[in-house]
């Protein structure tokens, strides 16, 4: 695990963390970050919460400071997913996508927030993010709309089974 | 009539059927034939589902795209979230290695993603395939004098390299679509701000919505026009919450663009489901009174 060592305050790069992140889709993009801060000025989360700063998050990723990124109640969930940083980054780092890769690592560690678990749970039940409710089709009928179309959950659940035959994560 | 596969997503068909009704009522008048997709699931959700497992997210999204590929049709969406998921999937799966990984999973159910169906948000579909002039011609009661504040939301525009919709720093599409109805679009000062729905927690979204609603109200607009059902929720129930929390008189009714279009095309006010909104766009009723005279 990466850390600032106690004796002389030197930051040591945690390559194991960085390799794990690189396994995630678009997880390795932070390597191209040159810390210009273009992502910060346009970040609505930074505007309202100084604790959230995409440039600092990218710096921590470059060092592999796992303890500061992947704890419970991680600051990463404050990202508004507005994609402003993706738009601004001159290096095409896509900070929001790096943050999403980090969130995938949080989820692997069982540290996703309840809101995320709720969405997945609902989806696993009916293939939608809105729970089933007889009132839905009644409302639809008022507008002359047919009932919601069924989702073939057998297909969906097969797709979501983990890949045992393959090495590496998502 | 040009045929397009309709990807309705979850929120509009389940929570806002009035919006779906409006889409099904307006598009045929613009020469677009809606083809329903059998077996479509949630897009899936570009926030939490993607945060949990991006590969599964891509796989489920790719499966949805194959449904349109089977029909040989391009796909249109009515929700910015669905647009984000499906557009990004289309974009990312141009990478052969990633496409192979996803197709490896899709093979479990005998499907293959080929990348042959383009994805478009309904607003861009109307702009590019119908054109503003034909929208204008379809209007039966021009909404002259109606001031419509604009909320673009984030995922219609950004990331622009993926979405390929409009310039995110100075977008035009919603303004032009509003003008085609005879109404006056109003760009309030915080027009670019995010609705905050995808942010976990209360503090950031509450402050952000407060700032957004403040500049919306400075413009004294009749309604707030938008094209995303998630943003809509933030501006309907959410607006009430923020008004109470900050003790402010925020009350601009949000309206989904295609309901406004349906109304301008002559669909009666009471058929458009506005009674279910916290803030009802009653300013529209004066156009019915004019027509009745």
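The values are calculated or read from the model by the stated rules, or taken from the named source; none is laboratory data. Values in this document were obtained by computation on a predicted structure and should not be read as measured data. All Cβ positions, even for glycine, are placed from backbone atoms using ideal geometry, and neighbour counts span all protein chains on display.
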statement: Of the residues in region B:104-114, those that are outside any loop (DSSP other than H, G, I, E, B) and buried (at least 18 other Cβ atoms within 10 Å of the Cβ) come to B:105, B:106
- line: Inside region A:78-131, the number of residues satisfying the requirement of being more than 25 Å from residue B:161 (Cβ to Cβ), assigned to a loop (DSSP other than H, G, I, E, B) and more than 7 Å from chain B (Cβ to nearest Cβ) is 4
message: I need the full set of residues from region A:14-28 which are more than 10 Å from chain B (Cβ to nearest Cβ) and not in a loop (DSSP other than H, G, I, E, B), in order please.
response: A:15, A:16, A:17, A:18, A:19, A:20, A:21, A:22, A:28
message: Among the residues of region A:132-152, what is the count of those that are over 20 Å from residue B:18 (Cβ atoms) and at pLDDT 95 or above?
response: 2
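Is there a residue in region A:146-163 that is more than 7 Å from chain B (Cβ to nearest Cβ) and either over 28 Å from residue B:108 (Cβ atoms) or touching a residue at least 40 places away in the same chain (Cβ under 8 Å) (or both)?
Residues of region A:146-163 more than 7 Å from chain B (Cβ to nearest Cβ): A:146-147, A:150, A:153-154, A:157, A:161-163.
Restricting the remaining residues to those that are either over 28 Å from residue B:108 (Cβ atoms) or touching a residue at least 40 places away in the same chain (Cβ under 8 Å) (or both) gives A:146-147.
Within region A:146-163, one or more residues are more than 7 Å from chain B (Cβ to nearest Cβ) and either over 28 Å from residue B:108 (Cβ atoms) or touching a residue at least 40 places away in the same chain (Cβ under 8 Å) (or both).
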Subset of region A:122-167 [at positive phi and either under 23 Å from the mean Cα position of the chain (by Cα) or surrounded by 15 or more Cβ atoms within 10 Å (Cβ to Cβ) (or both)]: A:127
statement: Subset of region A:29-52, residues buried (at least 17 other Cβ atoms within 10 Å of the Cβ) and away from chain B (no Cβ under 13 Å), comes to A:30, A:33, A:38, A:40
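Is it the case that region A:63-77 has a residue that's within 8 Å of chain B (Cβ to nearest Cβ), assigned to a helix (DSSP H, G or I) and free of Cβ contacts under 8 Å to residues at least 60 places away in the same chain? Spell out the reasoning first.
Quick first cut of region A:63-77, residues within 8 Å of chain B (Cβ to nearest Cβ) only: A:77.
Next cut, assigned to a helix (DSSP H, G or I) only: A:77.
Those left that are additionally free of Cβ contacts under 8 Å to residues at least 60 places away in the same chain: A:77.
Yes, some residue in region A:63-77 is within 8 Å of chain B (Cβ to nearest Cβ), assigned to a helix (DSSP H, G or I) and free of Cβ contacts under 8 Å to residues at least 60 places away in the same chain.
Report, by residue number, each residue of region B:115-160 that is outside any loop (DSSP other than H, G, I, E, B), in contact with a helix residue (DSSP H, G or I) (Cβ under 8 Å, 6 or more places away or on another chain) and more than 21 Å from residue B:4 (Cα to Cα).
First pass over region B:115-160, keeping only residues outside any loop (DSSP other than H, G, I, E, B): B:119-130, B:132-138, B:147-151, B:160.
Subset that is in contact with a helix residue (DSSP H, G or I) (Cβ under 8 Å, 6 or more places away or on another chain): B:119-124, B:126-127, B:130, B:132, B:134-135, B:138, B:148-151, B:160.
The answer is B:148, B:149, B:150, B:151, B:160.
Criterion first (over 15 Å from the mean Cα position of the chain (by Cα) and either under 24 Å from residue B:268 (Cα atoms) or assigned by TED's automatic domain parsing to the domain that holds residue B:27 (or both)) does residue B:202 satisfy it? Reasoning before the result, please.
On the way: over 15 Å from the mean Cα position of the chain (by Cα): yes; either under 24 Å from residue B:268 (Cα atoms) or assigned by TED's automatic domain parsing to the domain that holds residue B:27 (or both): no.
No, not satisfied.
Yes or no, residue by residue, for (1) touching a strand residue (DSSP E or B) at 6+ places or on another chain (Cβ under 9 Å); (2) surrounded by fewer than 16 Cβ atoms within 10 Å (Cβ to Cβ); (3) modelled with pLDDT of 95 or more:
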position	(1), (2), (3)
B:116	no, yes, yes
B:129	yes, no, yes
B:149	yes, no, yes
B:161	no, yes, no
B:175	yes, no, yes
B:180	no, no, yes
field: For residue B:76: the one exception among (1) surrounded by fewer than 23 Cβ atoms within 10 Å (Cβ to Cβ); (2) more than 24 Å from residue A:116 (Cα to Cα); (3) touching a helix residue (DSSP H, G or I) at 6+ places or on another chain (Cβ under 9 Å)
entry: (1)
message: If I go through region B:63-103 residue by residue, how many of them are closer than 25 Å to residue A:84 by Cβ, more than 12 Å from chain A (Cβ to nearest Cβ) and part of a loop (DSSP other than H, G, I, E, B)?
response: 2
- line: Residue hits (region B:43-57; part of a helix (DSSP H, G or I) and within 7 Å of another protein chain (Cβ to nearest Cβ)) are B:48, B:49, B:50, B:51, B:52, B:54, B:55, B:56
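Just for strands (runs of 3 or more DSSP E) wholly inside region B:180-290: which have at least 2 residues that are under 25 Å from residue B:21 (Cα atoms), without any contact (Cβ under 8 Å) to a residue 60 or more places away in the chain and more than 14 Å from every other protein chain (Cβ to nearest Cβ)? So that I can check it myself, show each step before the final result.
On the way: elements: B:184-186, B:223-226, B:254-256.
The strands (runs of 3 or more DSSP E) meeting that bar are B:184-186.
With the requirement that a residue be outside any loop (DSSP other than H, G, I, E, B) and more than 29 Å from residue B:197 (Cα to Cα), what does region B:18-42 give you? Explain how you work it out, then say what you get.
Filtering region B:18-42 for residues outside any loop (DSSP other than H, G, I, E, B) gives B:18-30, B:32-36.
Matches in region B:18-42: B:28, B:29, B:30, B:32, B:33, B:34, B:35.
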- request: Could you list, in sequence order, all residues of region B:92-103 that are surrounded by 18 or more Cβ atoms within 10 Å (Cβ to Cβ) and under 17 Å from residue B:161 (Cβ atoms)?
  value: B:92, B:93
